[in-house]
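Here is the structure we will look at.
The values are calculated or read from the model by the stated rules, or taken from the named source; none is laboratory data. Just so you know, these numbers come straight off a predicted model, no measurement behind them. Glycine also receives a Cβ, built like all others from the backbone with ideal geometry; neighbour counts cover every protein chain displayed.
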Amino acid sequence: MSSATWLRQHLPVRMTWPTVARELGLSGTKVRKVKTTKLGIEVALRLTPPTTHVTIERVADGVAVAYGAARVRVRLSELRADLVSISIDFTRSVGIVPLPDFHHPVGIPLDPLRSFALGIDDDGESVSGKFYGHHILVGGIPGSGKSNALRVFLAHLSASRNVSLFGIDPKRVELTLWQERFTHLVLGNDATETIELLESLHAEINRRTRHLSTLGSAKLLPSEEFPWIVLLVDEWAEVAAGGSSKERARADELLRRYVSLGRAVGCTAILCTQRPTSEVIDVGTRTLLNERFALRCGDRHQAEAILSAGTFQPGDLIGASVGRALWSDGGPAKPVQFFEVIDDLVGDLSCAGYRPSHF
Ligand SMILES: Nc1ncnc2c1ncn2[C@@H]1O[C@H](COP(=O)(O)OP(=O)(O)O)[C@@H](O)[C@H]1O
Ligand SMILES: [Mg+2]
């Protein structure tokens, strides 16, 4: 048995660290705290020169090998350059987490501007965000959990007041379950219907833009007259795939324009794609999709098509379990394991009665 394996099995980390550090050529590291997390252990270190966070990052793989861990993540302190913590993960993902019940009095829709809980991070902490005025892109290979992620957003959106849902579901699978809550849903890849829907949304954007200009105001909050419009597309690459190439190009152009003009007037989109390539996602449109979630990808190029290079560690995506994503709003990506929303829950979550009536 190697000494590293023996140490891992027989000694707590506080005692093994000096040996591991010595073997990896690190000097001047002191263990401040050891904490267990959902994935393994987190060791807080104080560094003295010449050891810096760069040195630690360089030997992270060695630390993983020494402890027989799945990976090691190095985190810097925001306040002090001499403090780092390293997470030694024995598993890669916290795994499946069911959607918690969100209890609210029946018949009272929730505030659409509240924070939406999406799942948990690698330490088991809850991950949430506010999405009014933000477009969302969800990418990943088939089976990675895109449609489930869509359900998590739908669960929150459906339960909100003054939210009007529009959908395009080229594969007719996912959005059908929520049909009653939708103001309008195009099932299938019929080009005429898709173009009609997108054109009607453009007419609405124009109405809102005119309204804002008469008010002399720059921001529109969700109201009965101007609900937050969310356009959900389950497979971007398949939109209007049943039409001629001219119709497809028209639908594509309308969708891109919706994304660029809608945000300021309370019209946002959630786009899913299983083909995260630069053909589907051009850089200009991607920049406008400010909340991006990369579920499991085939390779780092696909992940970069979603998140853009430099915002994530490619190794973080490899072997990602179903439902685990990296989420970037343009800055460094953070992990989120989406809650699981099973079919049986959708009926209760869809809140058909909350659909804006006149819309
Ligand atoms: N966050 C998750 N937690 C647990 N199971 C999930 C999660 N996301 C997806 N799954 C399961 O994985 C399978 C594929 O998910 P799906 O959302 O349909 O993937 P995609 O739309 O990317 O093809 C489904 O059976 C689903 O129940
Ligand atoms: Mg799907």
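When the stretch 156-188 is limited to residues that are part of a helix (DSSP H, G or I) and of a type in the set (D, E, K, R), the one that is farthest from ligand 1 (Cβ to nearest atom) turns out to be E180. Here E57 fulfils each of the conditions (1) at pLDDT 90 or above; (2) farther than 26 Å from L326 by Cα apart from (2). Taking helices (runs of 4 or more DSSP H) as the structural unit, those lying wholly within the stretch 229-327 and holding at least 3 residues that are within 16 Å of ligand 1 (Cβ to nearest atom) and in contact (Cβ under 8 Å) with a residue 24 or more places away in the chain correspond to 300-307.
Among residues that are under 18 Å from L175 (Cβ atoms) and out of contact with any Leu (no Cβ under 8 Å at 6 or more places or on another chain), F359 is included.
Scanning the stretch 180-202 turns up no residue that is in the same structural domain as L118 (by TED's automatic domain parsing), within 16 Å of ligand 2 (Cβ to nearest atom) and within 23 Å of the chain's Cα centre (by Cα). Of the residues V163, V173, the single one that is away from ligand 2 (no atom under 16 Å from the Cβ), of a type in the set (A, V, I, L, M) and within 30 Å of D282 (Cα to Cα) is V163.
Among the residues of the stretch 273-312, those identified as within 11 Å of the chain's Cα centre (by Cα) and closer than 16 Å to E235 by Cα are R292, F293, A294, L295, I306. Considering the stretch 317-340 alone, what residues qualify as being of a type outside the set (S, T, N, Q) and buried (at least 20 other Cβ atoms within 10 Å of the Cβ)? If the condition is that a residue be of a type outside the set (S, T, N, Q) and buried (at least 20 other Cβ atoms within 10 Å of the Cβ), then L317, A320, G323, R324, A325, L326, W327, A333, P335, V336, F338, F339 are the ones that fit. Being within 16 Å of ligand 1 (Cβ to nearest atom) and either free of Cβ contacts under 8 Å to residues at least 24 places away in the same chain or in contact with a Leu (Cβ under 9 Å, 6 or more places away or on another chain) (or both) is a property that L137 has. For the stretch 108-146, a residue qualifies if it is within 16 Å of ligand 2 (Cβ to nearest atom) and surrounded by fewer than 20 Cβ atoms within 10 Å (Cβ to Cβ), and the qualifying residues are I141, P142, G143. Pairs linking a residue in the stretch 172-200 that is free of Cβ contacts under 8 Å to residues at least 24 places away in the same chain to a residue that is among the charged types (D, E, K, R) and in a helix (DSSP H, G or I), with Cβ atoms under 7 Å and 6 or more positions apart or on different chains, are V186/E193.
Conditions (1) more than 30 Å from I120 (Cα to Cα); (2) at pLDDT 90 or above; (3) in a helix (DSSP H, G or I); (4) assigned by TED's automatic domain parsing to the domain that holds V63, marked per residue:
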position	(1), (2), (3), (4)
P18	yes, no, yes, yes
G25	yes, no, no, yes
R32	no, yes, no, yes
V43	no, yes, no, yes
R46	no, yes, no, yes
P49	yes, no, no, yes
